[in-house]
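A.B. asks: Here it is: the structure, laid out below.
Only the coordinates and a few stated rules stand behind these numbers; no lab work does. Keep in mind that this is a model prediction, so the values were computed, not measured. Every residue, glycine among them, receives a Cβ derived from its backbone with ideal geometry; neighbour counts consider all protein chains shown.
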Amino acid sequence: MKQGTGLRIYAIAYLIFLYLPVALLPIFAFNDGTVIAFPLQGFTTKWFVELLSIDALHGAVRNSLFVAITTAILSTIFGIFAARASSRYRFPLKGGILGLIMVPLVLPEIIVGVALLVMVVSLMGLSLSLWTVVLGHTLICTPFAVAILSASFNGLDRSLEEAAIDLGETAMGAFFKVTLPLVTPGIVSALLISFTISLDEFIIAFFLTGSEPTLPVYLWGQLRFPQRIPVVMALGTILVILSLVLLTVAEFFRRRGVRRTGAKDTGGFL
Amino acid sequence: MKDPLIVLDQVQKYYDDYHALRGISCEIGKGEFFSLLGPSGCGKTTLLRTIAGFEDVSSGRVLIGGRDMADVPANLRPTNMVFQSYAIFPHLDVAGNVGFGLRKRSDLSAEQKKAKVIEALEMVGLAGYGKRPAHALSGGQRQRVALARALVLEPEVLLLDEPLSALDKKMREQMQTELRRLQRHVGITFILVTHDQEEALIMSDRIAVMFEGEIAQLAAPQTLYRRPASRKVAEFIGVMNFLSATSTVSGDSVALDIAGLGKVTLSTEQCPGGAPSGAAVAGLRPETLSVVIDDATATPSHSVTGKVVEVVYYGDMTYYEVALDGAQKPVTISMKNLPGRRVLEIGDTAKVAWDPSALVIFAA
């Protein structure tokens, strides 16, 4: 047997296991039948057409876009603050504070969801809305933004800002004219990743949505109606493609950033 | 000094408990090439950053052009800096880097700014490189861009933080003479931080040797080399042989009995750190000693005999280690390899000629 054949078989099996379920989405999305089973019934695009006619779905898409965009912007702004502070300054309890910022990355989402629900509704007496979903999503997206932006900020030579100040800029001017352009690829990358995570997120959104569901919550509701499942498959296909595109764009910007600052690529998400 | 450009007055700097600068006082003249020389951690970079305005002084004053810099932030000081890493802005091309500091100058038109950038690039030998992106520059080119970027603003003082340490040996030697020429051409004050004593000697008008946050000696290169104020300075700059001695001071003269060389009487001027009484150390540079080889006519006024214990041949020079009769340690002697001059071998007996006027006497 040729050397490495076993490992190659393992790698192929691994990829099949990982992506077969995802590959089933487009297969059934184009299948002309309401039952999700083989053999296939023939090719159709009617499920995609039907997507256009469901008003509640459009509302859910709008809700999700609002939540995802707001979350992306908030997480990235918080991420910039935290990443710059951690890369530039020493302060008491720095390790602990940064650790706490990163904890939601590993905290079970169901815990975050329940805890936020209790706090927002019982303790603060607020009613659930899209903003409460934004709150929960910002909490879990900020660590990702911090991680991406820390890499950008740490890759910068400290003396770049000093050089700008030396050449007559104020500290603020140096940040906007030198630091910000150099971390822009990181910012774009953080925005896209946060957007994607928020768009896909279900558990926290499920706990914190009021009368306006986000897309994943809406889809969950639709699974109760068997005749709607092919439509859900069609929507899933669109979401998978969208996620892949966004992730690719994010990685493109991250790599461009690495090249522009002349730093060594230490690996990213792709 | 008449009318100094920079006055440092009892400058102290603490980082928490660490005393980085311990009362630095000196004056730096207009148009002077001034070097801060010392081992790493001696405070030379801290002092430079204090002048630039990147570090506050804990106490004392920094004056530039007679003005106290205490409340003047770095961006408003008449200083510009060439950073050790060069700090070339990676998102800008060469012209963008050089023109960075000019952007805020409202008194100049866009054409004037462009002309200044071109002129600055010509000055550092990078004419035509304006459109080159920053990441496509070699180390030497980055350094020239950093120089042009600072000089285009016509500062009163150019601060250079180990600007040559990242270059290879050949490039470094070329840049040393080039920097010196550039400084004479623009005529502004250069303050160079370096740990390379040779570099400081080659380039500077005056050198401040720093150890542990203090200036150990401030002098012109020749004085520093010939009359180092302490054994520590002598050891840091070049190579020096140290021979133990006993000294008796009487008025302006010092009577010495030097191990290996014998008795000699010198003027107290040869004791730059003050004439010691009793135990002393006599210092001699390797080139002030010579080995008399196959020369029957030579009658040196002062000579001793010794045994060659090591020979290192460099092509243009030969370095001998010679054990002098009566000295504990062999002395190092450098000899030019003139045509026809033989190179001695290990074990040969050597006649060593020396010059009393080249001696420097330190306290033991």
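A.B. asks: Starting from the exponent 0.38 and prefactor 2.2 Å, build the expected Rg for chain B from its residue count and divide its actual Cα Rg by it.
C.D. replies: Numbers: Rg = 24.8 Å, N = 364, 2.2 N^0.38 = 20.7 Å.
Dividing the Cα radius of gyration by 2.2 N^0.38 Å gives 1.20.
A.B. asks: List the pairs from A:177/B:113; B:30/B:169; B:114/B:170; B:44/B:329; B:263/B:336; B:44/B:116 whose alpha-carbon separation is above 22 Å, in the order I gave them.
C.D. replies: Values: A:177/B:113 18 Å; B:30/B:169 30 Å; B:114/B:170 32 Å; B:44/B:329 34 Å; B:263/B:336 28 Å; B:44/B:116 32 Å.
The answer is B:30/B:169; B:114/B:170; B:44/B:329; B:263/B:336; B:44/B:116.
A.B. asks: Find, among the chymotrypsin sites (Phe, Trp or Tyr not before Pro) in segment B:268-359, those assigned to loop by DSSP (not H, G, I, E, B) with at most 13 other beta-carbon atoms within 10 angstrom.
C.D. replies: Values: sites: B:313, B:314, B:319, B:320, B:354; in loops: B:314, B:354.
Answer in residue order: B:314.
A.B. asks: For a quick check, take a GNM of chain A with Cα springs below 10 Å and name the residue from A:20, A:199, A:126 with the largest mean-square fluctuation.
C.D. replies: In the Gaussian network model the winner is A:20.
A.B. asks: How high is the relative contact order of chain B, in percent, with contacts defined as C-alpha pairs under 8 Å that are six or more residues apart? Provide the component values of the computation, followed by the final result.
C.D. replies: Working: 767 pairs, mean separation 54.7, N = 364.
Taking the mean separation of contacting Cα pairs over the length of chain B, I get 15 percent.
A.B. asks: State to the nearest 20 debye the size of the charge dipole of segment A:110-228 about its Cα centre, where the only charges are +1 on K and R beta carbons and -1 on D and E beta carbons.
C.D. replies: Dipole of segment A:110-228, to the nearest 20 debye: 580 debye.
A.B. asks: Output the Cα-based Rg and Dmax of chain A in Å, rounding Rg to one decimal and Dmax to a whole number.
C.D. replies: Rg and Dmax of chain A, Cα atoms, are 22.4, 72 Å.
A.B. asks: Under 5 Å between amide hydrogens, which residues at least 5 positions from residue B:92 or on another chain qualify, with H placed 1.01 Å from N in the peptide plane?
C.D. replies: Here the answer is B:134, since their amide H atoms fall under 5 Å of that of residue B:92.
A.B. asks: In the P(r) worked out for the protein assembly as shown, what percent of Cα pairs fall beyond 45 Å?
C.D. replies: Numbers: 93774 of 200661 pairs.
In whole percent, the share of Cα-Cα pairs in the protein assembly as shown beyond 45 Å is 47.
A.B. asks: Just want the answer: with Cβ charges of +1 for Lys and Arg and -1 for Asp and Glu, which residue in B:86, B:225, B:135 is farthest toward the dipole's positive end in the protein assembly as shown?
C.D. replies: Projecting each Cα onto the dipole axis, the largest value belongs to B:135.
A.B. asks: Starting at the first residue of segment B:270-283, write each ³J(HN,Hα) from the Karplus equation 6.51 cos²θ - 1.76 cosθ + 1.60 with θ = phi - 60°, in whole Hz, x for Gly and Pro.
C.D. replies: 8, 10, x, x, x, 6, x, 10, x, 5, 9, 10, 9, x
A.B. asks: Among A:103, A:128, A:238, pick out the residue whose Cα is farthest towards the positive end of the charge dipole of segment A:62-260, where Lys and Arg carry +1 and Asp and Glu carry -1 on C-beta, about the Cα centre.
C.D. replies: Farthest towards the positive end: A:238.
A.B. asks: Something else: Taking the Cα centre of segment B:6-226 as origin, sum charge times position over the Cβ atoms of Lys and Arg (+1) and Asp and Glu (-1), and report the length of that vector in debye to the nearest 20.
C.D. replies: Dipole magnitude for segment B:6-226 comes out near 780 debye.
A.B. asks: Tell me, what is the percent relative contact order of chain A, built from C-alpha pairs under 8 Å that lie six or more residues apart?
C.D. replies: On the way: 316 pairs, mean separation 78.8, N = 270.
Normalised by residue count, the contact order of chain A is 29 percent.
A.B. asks: To the nearest 20 debye, what charge dipole does segment B:287-353 have about its Cα centre, counting +1 at the Cβ of each Lys and Arg and -1 at the Cβ of each Asp and Glu?
C.D. replies: 80 debye
A.B. asks: Between residue A:223 and residue A:170, what FRET efficiency follows from the Cβ-Cβ distance if R0 is 56 Å, with the result rounded to 0.05? Walk me through the numbers on the way to the answer.
C.D. replies: Numbers: r = 56 Å, r/R0 = 1.01.
The value I calculate is 0.50.
A.B. asks: Hey, another quick one. Count neighbours as other Cβ atoms within 10 Å of each site's Cβ, and list the GluC sites (Glu not before Pro) in segment B:271-364 that are DSSP loop with at most 14 such neighbours.
C.D. replies: Working: sites: B:287, B:310, B:321, B:345; in loops: B:345.
Those satisfying the criteria are B:345.
A.B. asks: Say we join alpha carbon atoms closer than 10 Å with springs in a Gaussian network model of chain B; which of B:226, B:172, B:341 then has the biggest fluctuation?
C.D. replies: B:341
A.B. asks: Taking the Cα centre of the protein assembly as shown as the origin and placing charges on Cβ (Lys, Arg +1; Asp, Glu -1), which of A:28, B:324, A:12 is farthest toward the positive end of the dipole?
C.D. replies: Result: A:28.
A.B. asks: Okay, moving on. Mind listing which trypsin sites (Lys or Arg not before Pro) in segment B:47-91 are in a DSSP loop and have 13 or fewer other Cβ atoms within 10 Å?
C.D. replies: For trypsin sites (Lys or Arg not before Pro) across segment B:47-91 that sit outside H, G, I, E and B with at most 13 neighbouring Cβ atoms in 10 Å, the list is empty.
A.B. asks: Would you calculate, for chain A, the mean residue ellipticity at 222 nm contributed by helices, counting each DSSP H stretch of 4 or more residues as -39,500 (n - 2.57) and dividing by all residues, to the nearest 500? Let's see the in-between values first.
C.D. replies: Details: 12 runs with 190 residues, N = 270.
Roughly -23500 deg cm²/dmol at 222 nm, from the helical runs in chain A.
A.B. asks: Can you give me the orientation-averaged projected area of the convex hull built on the Cα atoms of segment A:11-128, in nm²? If you can, show how the numbers build up before the last one.
C.D. replies: Details: hull surface 53.8 nm².
So the mean shadow area of the Cα hull is 13.5 nm².
A.B. asks: Any idea what angle helix B:110-123 forms with the longest principal axis of chain B, computed on alpha-carbon atoms, 0 to 90 degrees, nearest 10?
C.D. replies: 20 degrees
A.B. asks: Output ³J(HN,Hα) for segment A:8-20: one whole-Hz value per residue in order, computed from phi by the Karplus curve 6.51 cos²θ - 1.76 cosθ + 1.60 with θ = phi - 60°, and x for Gly and Pro.
C.D. replies: Calculated HN-Hα couplings, in order: 5, 4, 4, 4, 5, 4, 4, 5, 5, 4, 5, 10, 4 Hz.
A.B. asks: Can you classify segment B:287-353 as rounded, prolate or oblate using the Cα gyration tensor, where a ≥ b ≥ c are the square roots of its eigenvalues, rounded means a/c under 1.5, and otherwise it's prolate if a/b beats b/c and oblate if not? Write out the running numbers ahead of the final one.
C.D. replies: Values: a/c = 1.67, a/b = 1.13, b/c = 1.48.
The shape class here is oblate.
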